[in-house]
Amino acid sequence: MVLKAFFPTCCVSADSGLLVGRWVPEQSSAVVLAVVHFPFIPVQVRELLARVQQVSRVGVTVLGTWCHHRQEPQESLGHFLEGLGAIFSHEPWLQLCRERDSKSWTCKATRRQASAAADEDQVLLIFYDQRKVLLSRLHPPAALPDRQAGDATPSARGLAAVFDTVARSETLFRSDRFDEGPVRLSHWQSEGVEASILVELLTRASGPVCLLLSWLLSLLSAVSSCWVCRLWPLTFVGSKLSTCEQVRHRLEHLSLIFSPQKAQDPTQLMRKANMLVSVLLDVALGLALLSWLHGKNRIGQLADALVPAADHVAEELQHLLQWLMGAPAGLKMNRALDQVLGRFFLYHIHLWISYVHLTSPFIERILWHVGLSACLGLTVAVSVLSDIIALLTFHIYCFYVYGARLYRLKICGLSSLWRLFRGKKWNVLRQRVDSCSYDLDQLFIGTLLFTILVFLLPTTALYYLVFTLVSRAVWMLGLGLDTGLAQAPAPGGRRAGPDPSARGRGQLPAPVLAGPAAVPALQTGSWRQVPRPSARGWQASPPPDADEPPALQPRDAHLPPPQLRLPPQALVELPVPQALLRGAHLPLEAEGGQAGLRDTAAVRSGPGTLPSRPTPSGTGAGPAWGTSTAHRSWGLGAAPCSCSSPVCWGLPLV
Amino acid sequence: MEDEQSFSDICGGRLALQRRYYSPCCREFCLSCPRLSLRSLTAVTCSVWLAAYGLFTLCENSMILSAAIFITLVGLLGYLHFVKIDQETLLIIDSLGIQMTSSYASGKESTTFIEMSKVKDIVINEAIYMKVIYYLCILLKDPVEPQGVSQVVPVFQSAKPRLDCLIEVYRSCQEILAHQKATATGP
């Protein structure tokens, strides 16, 4: 029977003494952790081992004796050592002996109860480097399906048990030869505990610093959730601007990093470390951007270029409207309606340009101060940029809203009157089309109105189409920035990729797809039924009942989906089709239910609390973090035995 | 106890197998591959430099020549460090495991260790490449299925010895594995 003895290389030149370590019976191997030197009192040795065992939960015992003859071999020492076998009984008792300056060792393992085939055990001596084994902590292997609960944690299979034993018994290595303890040990740190002053100082300082920072952050979040900020306009604006979103994320990240609680397991530790590193990187990039912006008067140049750019855009829009007011693409428009709509939009542009010119003297100051926000991180700067773009093109969005609203009105009217034309009616109760007998004057007026609407349709449709295209083109510009923002890590530790179903701005613009294609669909009057999503491009659930608010797609992964109450049969007896959230702008269909929006928005998006969603995905992403071995490669100083104290302050310093 | 024999590999080059029997439960096999031949080195260098000279006469740019020299040096160093394996060693320790070491011509060593509890068996497998070649491989146990094999680890990948050399190594390894299985199932 071969007995494997793992001996640390640092104890090769140690004086004689007792071997202290752990016996692993499954592999019949003895892992020697330290050597206890003479003189010692057995009671104190037992106390020390019991203490170590209690703290580290590793079964540390006396395994045998170690004899290093520096002078002539002493017979008395030999007897003394054998006598020790009676005091500290262990089965089997290991006796290692080394002559002075000799390469050959004597290894003996004796068993008290000699078995029938009483041949002495062969001893296989394996030297291991304690420091390296301690520094390479193996992650526990994935639990196999046939492992019972009885497979206790210290026992791992194979050589992992040795690694495990050494790594877990670091309490034994805390005392060095400068400590005035009753027992003198020899191990890899007995010449002095390895540590770095910087790491120690940081460990001591990190506690109060973390407390202070987490208090400040809690103060900030309390301020932001006070009653002033819960008023409806502010919450509405705040939920639309992505800057507020990013700042909120940043607050969450920071509060997680600086939380005074210890990380429970390596996956949480890695998550914290990951977040800290990403925040630092973000801030570094933001500062680089800041220094670039504030040099060479770039902000002034930017501000100077901004107003002419806005003017240019306005001029192009005016040309577009002039074109529409004429005979666009050879189509003949209804003169009066054309002029009305065209003049309305032109007036809008005029207002917008005057507004921009009004704020032009202040733009440089504003930009300068806004540029300072880049020190919070690059993501915040990018979100500010995307918000600026959204605000500058707000008028285009407004035009889209007007055109679409008009178009929607017209289509509603048309469908209802078409039904009337055919002698049918929408039954609200049964949610279907029923036949109905109308009076003659109802029919007459209905038919007249129908004709009028039909002939006005091309004009409205054209305005709708043109402005939808223009607003989508602008939206595409913002999409790139938002996709970049979506790559930032979420507080749940999960890298949020551009998830088109989850983020508002990342969604495919269904109205665009539905717009031109819906025209023939609407003329057949079939859109009031359950919309066929793939055929028509609606990203929608089936039409709701009148009273039940539908579940909409969430704006992003962190806000719960706002529940909107659509106006059922607001105009005529038709359900309004599903609304979609598009980034910073609510589509007009949803705005139709403003009553519902007001109370639900106040309920949902007010407090700005942490989302409940990322936690299951966070733990699901756990194994993906934790399967690499030897994760302790921080390089921040060799303080391997102090890994528990920085962890308790939440900093990933090892 | 040390022993040296010479065999040949599948391409016809000379291999030297060194066997060391440290104890009944510990053996080491060391295969030395043929060294980098001067002929092939000269041939490659000359071809690269001739091509560079041809480009130089076309382009009249002397950077090409210096680039060719640089490329040759870097390529040689890279080849010695990453590709050319000088020696492959297989060390079996009963009840501990199997260790495979490859040492490169530049002195780099790469080691793989497999625990004995994971080793199911050592076998010689056949493979049909352009002809039939044999290779020694270690079969690893499948943790889920006790009779299955989870992984096949081939040994002596660069040396590629022939069947006679493999049989020698195989016999020694089987002795140790049998011994290990006997003691494992014993008291």
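Bear in mind that the values in this text are calculations on the coordinates, not laboratory data. Everything quoted here is computed from the prediction, not taken from an experiment. With ideal geometry, Cβ positions are generated from the backbone for all residues, glycine too; neighbour counts draw on all protein chains shown.
A few points about this structure:
- Spatially, segment A:399-445 and segment B:1-31 are offset by 94 Å when compared through their Cα centroids.
- Legend: mean number of C-beta atoms from other chains within 10 angstrom of residue C-beta atoms, peptide B:160-170, equals 0.
- Here the translational diffusion coefficient of segment B:1-106 follows from Stokes-Einstein with Rh set to the Kirkwood radius across Cα pairs; for 10 °C and 1.306 mPa s it amounts to 94 µm²/s.
- Pairwise Cα distances in segment B:73-131 exceed 19 Å for 52 percent of all pairs.
- Divided by 2.2 N^0.38 Å, where N counts the residues, the Cα radius of gyration of segment A:212-274 comes to 1.36.
- Largest first and in whole Å, the equivalent-ellipsoid semi-axes of segment A:2-95 read 21, 16, 13, each the square root of five times a Cα gyration tensor eigenvalue.
- When the inverse distances between all different Cα atoms of segment A:393-476 are averaged and flipped, the Kirkwood radius reads 14.5 angstrom.
- A:ARG174 paired with A:TYR438, simple spin-label distance in nm, labels 7 Å along Cα-to-beta-carbon: 8.9 nm
- Normalised per residue, the volume of the convex hull around the Cα set of segment B:96-187 (Å³): 122 Å³
- When A:THR165, A:THR9, B:THR183, B:THR57 are sorted by how many other C-beta atoms sit within 10 angstrom of their C-beta, beginning with the fewest, the order is B:THR57, A:THR9, B:THR183, A:THR165.
- With helices as the sole contributors, chain B gives -11500 deg cm²/dmol at 222 nm; each DSSP H run of n ≥ 4 counts as -39500 (n - 2.57), and the sum is divided by every residue.
- Per residue convex hull volume, Cα atoms of segment A:173-283, in Å³: 155 Å³
- Euclidean distance between Cα centres, segment A:35-71 to segment A:172-186, Å: 11 Å
- Summary value for segment A:249-368: 28 percent relative contact order, contacts being C-alpha pairs under 8 angstrom separated by 6+ residues.
- Over 28 Å (Cα to Cα) - which of A:LYS240/A:LYS262; A:LYS332/A:LYS410; B:LYS120/B:LYS160; A:LYS4/B:LYS141; A:LYS4/A:LYS132; A:LYS132/B:LYS118 fall in this group: A:LYS240/A:LYS262
- Sorted largest first, the spans of the alpha carbon positions of segment B:66-105 along the three principal axes are 56, 12, 7 Å.
- Gained length - B:GLN151 relative to B:LYS108, 0.36 nm times residue gap less alpha-carbon distance: 12.9 nm
- Average projected area [Cα convex hull, segment A:303-447], square nanometres: 14.6 nm²
- Taking the average, over residues, of other Cβ atoms within 10 Å as the packing measure, peptides A:355-364, A:54-63 rank A:54-63, A:355-364 from highest down.
- Kirkwood hydrodynamic radius (C-alpha pairs) into Stokes-Einstein, chain B, 20 °C and 1.002 mPa s, D in µm²/s: 112 µm²/s
- Ranked from largest, the principal axis spans of the Cα set of segment A:256-312 equal 57, 23, 16 Å.
- Each Lys or Arg adds one and each Asp or Glu subtracts one; over the other residues with Cβ under 12 Å from the Cβ of A:SER56, this totals +3.
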